[in-house]
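Nothing in this text is a laboratory measurement; each read-out follows from the coordinates by a stated rule. What you are looking at is a predicted structure, and each value in this text was computed from that prediction instead of being measured. Here Cβ is always computed from backbone atoms with ideal geometry, including for glycine, and neighbour counts include all displayed protein chains.
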Amino acid sequence: MMKKIKILATGGTIAGKAASSTQLTGYTAGAYSVDDLLASVPALGELAQISGEQLCNIDSSSITDALLLRLAQRCNELLAQEDVDGVVITHGTDTMEETAFFLNLTVKSDKPVVLVGAMRPATAVSADGPLNIINAVKTAVCAESAGQGVLVVMNDEIYGGRDVMKTNTANVATFKAPNGGALGCIVGGEVRYYYRSVRPHTLAAEFAISKVTALPRVDIIYAHIGQDRVLVDAACAAGARGLVYAGSGMGSIHGAVEAALAEAVQSGVVVVRSSRTGSGRVSAGLARWQEQGFLYADNLNPQKARLLLQLALLQTHERSEVQELLLRY
Ligand code: ASP
């Protein structure tokens, strides 16, 4: 009996259309519908009973908090159905790592959820989308994928939603897990796992979003030489409840910005230090930073720390509790 897999389409390059087969940039993402996508890969019908649903059809760089919430809520509705054995989400690669981590924390099911995309539009010579989606469905029907958390399948590799990151603007091997590695691969047509995430996810995660209609505003402030406090003040004035400081090195804070961040903490904004380096852990750091109430993101990159902070702020503004959540997940 073939498993029943729902393809939830959101757009991206996997549904992208260019003017010619050699045009690999400057094309329109989210141009083809889920029906077009499924019709273009008939081999999917040999792997599972497939049905498609179009949630939206956009470039993933424009995903909003509201859409992210709707996607998580729709996933939970689908996964609660007995006639759905797993969900494959087609998604742009630009923000796939964010959606994967958010779903990893908010999906309430151990049925497989797999995100997949493409680096080359559907019209391209050597388009990577068709094989990626075949591999994603293979991963979704694999019994071993249950309970692994939300997964990303790209370029023959399987990544955990917490770990995965887009690391290159154009290369098909762009997805990596810079603090670890892939959980598994699809080679010779077989799905093979070698590692498993030890951080809680899906059924073991405590975040409930079924009735949530908006996420708290959390902004990212990116460190650089010559920085001043203007963007911190602007974020606070715009109503940020949290700030992630994408610090240099191990979450270092520019001297001209520190006082603004300390004032933000005093006014009730939760400030979390992360790193702009792309990998590695940020720890508690200077005693002075701890006294000023700055939290730290462990090894989550700024965009992932932002999402976890949004979920944390739905349940607490107590700094020690938020820090505990940042370390647990
Ligand atoms: N360039 C993007 C992609 O690879 C477009 C997007 O993220 O939607 O899918």
**Prompt:** Only one of (1) exposed (fewer than 15 other Cβ atoms within 10 Å of the Cβ); (2) out of contact with any strand residue (DSSP E or B) (no Cβ under 8 Å at 6 or more places or on another chain) is not met by ASP83, so which one is it?
**Reply:** (2)
**Prompt:** Can you find even one residue in region 119-129 that is touching a residue at least 12 places away in the same chain (Cβ under 8 Å), buried (at least 24 other Cβ atoms within 10 Å of the Cβ), in a helix (DSSP H, G or I) and of a type in the set (A, V, I, L, M)?
**Reply:** no
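Of all the residues that make up region 159-201, how many are surrounded by 15 or more Cβ atoms within 10 Å (Cβ to Cβ), in contact (Cβ under 8 Å) with a residue 24 or more places away in the chain and either among the aliphatic types (A, V, I, L, M) or more than 28 Å from PRO130 (Cα to Cα) (or both)?
Number satisfying all stated conditions: 11.
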**Message:** Please go through region 262-295 and give me each residue that is without any contact (Cβ under 8 Å) to a residue 60 or more places away in the chain, surrounded by fewer than 13 Cβ atoms within 10 Å (Cβ to Cβ) and within 30 Å of ASN168 (Cα to Cα), ordered by number.
**Reply:** SER283
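Yes/no matrix, rows are residues, columns are (1) touching a helix residue (DSSP H, G or I) at 6+ places or on another chain (Cβ under 7 Å); (2) within 16 Å of the ligand (Cβ to nearest atom):
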position	(1), (2)
ASP59	no, yes
ALA66	no, no
GLN73	no, no
ASN76	no, no
GLY86	yes, no
HIS91	yes, yes
THR95	yes, yes
LEU105	yes, no
**Prompt:** What residue, of THR95, THR90, is under 19 Å from ILE50 (Cβ atoms) and either under 19 Å from the mean Cα position of the chain (by Cα) or surrounded by 20 or more Cβ atoms within 10 Å (Cβ to Cβ) (or both)?
**Reply:** THR90
**Any hit, region 186-202, residues being in a loop (DSSP other than H, G, I, E, B), under 22 Å from the mean Cα position of the chain (by Cα) and polar (S, T, N, Q)** = yes
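Residues of region 130-171 being over 16 Å from VAL191 (Cα atoms), among the aliphatic types (A, V, I, L, M) and touching a strand residue (DSSP E or B) at 6+ places or on another chain (Cβ under 8 Å), which ones?
Correct list: VAL164, MET165.
Yes/no matrix, rows are residues, columns are (1) polar (S, T, N, Q); (2) within 16 Å of the ligand (Cβ to nearest atom); (3) closer than 16 Å to LEU115 by Cα:
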| position | (1), (2), (3) |
| --- | --- |
| MET2 | no, no, no |
| GLY12 | no, yes, yes |
| LYS17 | no, yes, no |
| GLY26 | no, yes, no |
| SER33 | yes, yes, no |
| LEU38 | no, no, yes |
| PRO42 | no, no, no |
**Message:** With the requirement that a residue be assigned to a helix (DSSP H, G or I), touching a strand residue (DSSP E or B) at 6+ places or on another chain (Cβ under 9 Å) and in contact (Cβ under 8 Å) with a residue 40 or more places away in the chain, what does region 36-51 give you?
**Reply:** LEU37, LEU44
**Single unsatisfied condition, ILE225 versus (1) surrounded by fewer than 18 Cβ atoms within 10 Å (Cβ to Cβ); (2) touching a helix residue (DSSP H, G or I) at 6+ places or on another chain (Cβ under 8 Å); (3) assigned to a loop (DSSP other than H, G, I, E, B)** = (2)
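What tally of residues in region 98-119 results from selecting those that are under 11 Å from the mean Cα position of the chain (by Cα) and of a type in the set (Ser, Thr, Tyr)?
1
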**Prompt:** Quick check: anything in region 241-261 out of contact with any strand residue (DSSP E or B) (no Cβ under 9 Å at 6 or more places or on another chain), aliphatic (A, V, I, L, M), free of Cβ contacts under 8 Å to residues at least 40 places away in the same chain and in a loop (DSSP other than H, G, I, E, B)?
**Reply:** yes
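Identify all residues within region 116-137 that are among the hydrophobic types (A, V, I, L, M, F, W, C) and more than 9 Å from the ligand (Cβ to nearest atom); write none if there are none. Outline the logic, then answer.
Residues of region 116-137 among the hydrophobic types (A, V, I, L, M, F, W, C): 116, 118-119, 122, 124-125, 127, 131, 133-134, 136-137.
Scanning region 116-137 gives VAL116, ALA122, ALA124, VAL125, ALA127, LEU131, ILE133, ILE134, ALA136, VAL137.
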**Asked** Does region 203-214 contain any residue that is surrounded by 13 or more Cβ atoms within 10 Å (Cβ to Cβ) and more than 19 Å from PHE102 (Cβ to Cβ)?
**Response** no
**Prompt:** If the Cβ limit is 7 Å and pairs must be 6+ apart or interchain, which residue in region 1-26 that is at positive phi pairs with which residue that is within 15 Å of the ligand (Cβ to nearest atom) and not in a loop (DSSP other than H, G, I, E, B)?
**Reply:** GLY11/CYS56; GLY11/ASN57; GLY11/ILE58; GLY11/SER60; GLY12/SER60; GLY12/THR90
